[in-house]
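The values are calculated or read from the model by the stated rules, or taken from the named source; none is laboratory data. The shown structure was predicted, so the numbers you read here are calculated from the model rather than taken from an experiment. Glycine also receives a Cβ, built like all others from the backbone with ideal geometry; neighbour counts cover every protein chain displayed. For the accessible areas, the whole protein counts, side chains as well, though only heavy atoms, and no ligand, DNA or RNA atoms are used. Shrake-Rupley method; radii C 1.70, N 1.55, O 1.52, S 1.80 Å.
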Amino acid sequence: MKKIILPNIYYSNGLLIGNNVEKVVRKIKDLNGLFDDEASLNKIDPDTIVYEVSSHLEEKEGREGGLFFGITYLYPGKVGNEYFMTKGHYHAKIDRTEYYWGIEGEGVLILMDEDRNVCGEKIFPGSLHYIKSGIAHRVANTGTQILSFGACWPSDAGHCYDTIAKNGFSARLREINGTAVLEDSKKLLYV
Ligand code: S6P
Ligand code: ZN
């Protein structure tokens with residue numbers, strides 16, 4: 001008789017529990033330069049949590065052939081009229097792809113190619129998003145509750161935050177007249 005064992009990782013009540021789970025917390029004070037309305041930013045407690053990520057990192061970072069799995073919990077909020085969002089990144093190995101899927105709440109997945117063309121996809125419970133090669137990705141929470149979404153990506157993808165930190169996305173997701181609008185960024189540093 002062969003053994004039937006329990007898995008060593010669970011996704012239960014919205015939480016990732018088990019071995020090799022790592023948690024990252026991103027607060028307002030960790031996100032310098034992300035939001036453009038500095039006056040509004042200075043009115044927010046720097047310890048306000050913008051998002052948390054729980055990741056199941058079973059593989060060695062950089063190993064070809066493995067997968068990583070993560071859940072991001074993005075809190076509702078705005079800095080001025082810009083929604084709380086993740087930093088956003090390209091993958092260090094630029095051709096590595098990724099799946100995102102909506103679990104709870106609502107928001108927009110903002111995608112940008114290497115020529116800085118931007119588009120947005122709505123995220124909601126059950127939505128599925130395939131992020132193709134060479135596409136930077138960022139998520140903004142447009143709702144009034146936590147937006148959580150899953151992610152699965154190759155263990156050799158890596159993360160490149162520098163390009164986004166330096167040049168930003170070419171559009172920002174703002175609330176204008178009560179509606180989420182993907183507006184061309186005024187900070188077009190990419191000339
Ligand atoms: C990893 C995947 C997600 C993000 C997370 C936070 O490839 O895309 O787990 O890491 O949503 O976003 P960011 O841009 O701060 O890594
Ligand atoms: Zn990614």
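What the table below lists for this structure:
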| item | result |
| --- | --- |
| Answer from E61, E22 - the residue that is touching a residue at least 24 places away in the same chain (Cβ under 8 Å), within 16 Å of ligand 1 (Cβ to nearest atom), assigned to a strand (DSSP E or B) and surrounded by fewer than 16 Cβ atoms within 10 Å (Cβ to Cβ) | E22 |
| Residue tally, condition open to solvent by 10 Å² or more (accessible area, probe 1.4 Å) and either touching an Asp or Glu at 6+ places or on another chain (Cβ under 7 Å) or near ligand 1 (Cβ under 10 Å from one of its atoms) (or both), over segment 123-133 | 3 |
| Only listed residue being surrounded by 15 or more Cβ atoms within 10 Å (Cβ to Cβ), among the β-branched types (V, I, T) and free of Cβ contacts under 8 Å to residues at least 40 places away in the same chain, chosen from V108, V53 | V53 |
| Enumeration of residues in segment 3-19 that are loosely packed, with under 10 Cβ neighbours inside 10 Å and either more than 25 Å from the chain's Cα centre (by Cα) or in contact (Cβ under 8 Å) with a residue 40 or more places away in the chain (or both) | K3, I4, I5, L6, P7 |
| Residue list for segment 89-108, restricted to those being over 16 Å from F124 (Cβ atoms), of a type in the set (D, E, K, R) and in a strand (DSSP E or B) | E98 |
| Among residues of segment 73-105, those that are open to solvent by 60 Å² or more (accessible area, probe 1.4 Å), within 14 Å of I135 (Cβ to Cβ) and in contact with a Ser or Thr (Cβ under 9 Å, 6 or more places away or on another chain), counted | 2 |
| Any pair with Cβ under 8 angstrom, 6 or more apart, that starts in segment 131-159 at a residue that is within 12 Å of ligand 2 (Cβ to nearest atom) and ends at one that is part of a strand (DSSP E or B) and among the charged types (D, E, K, R) | I131/E98; H137/E98; A151/E98; C152/E98; W153/E98; P154/E98; A157/E98 |
| Qualifying position, being within 12 Å of ligand 1 (Cβ to nearest atom), more than 15 Å from the chain's Cα centre (by Cα) and not β-branched (V, I, T), among A180, A165, A92 | A92 |
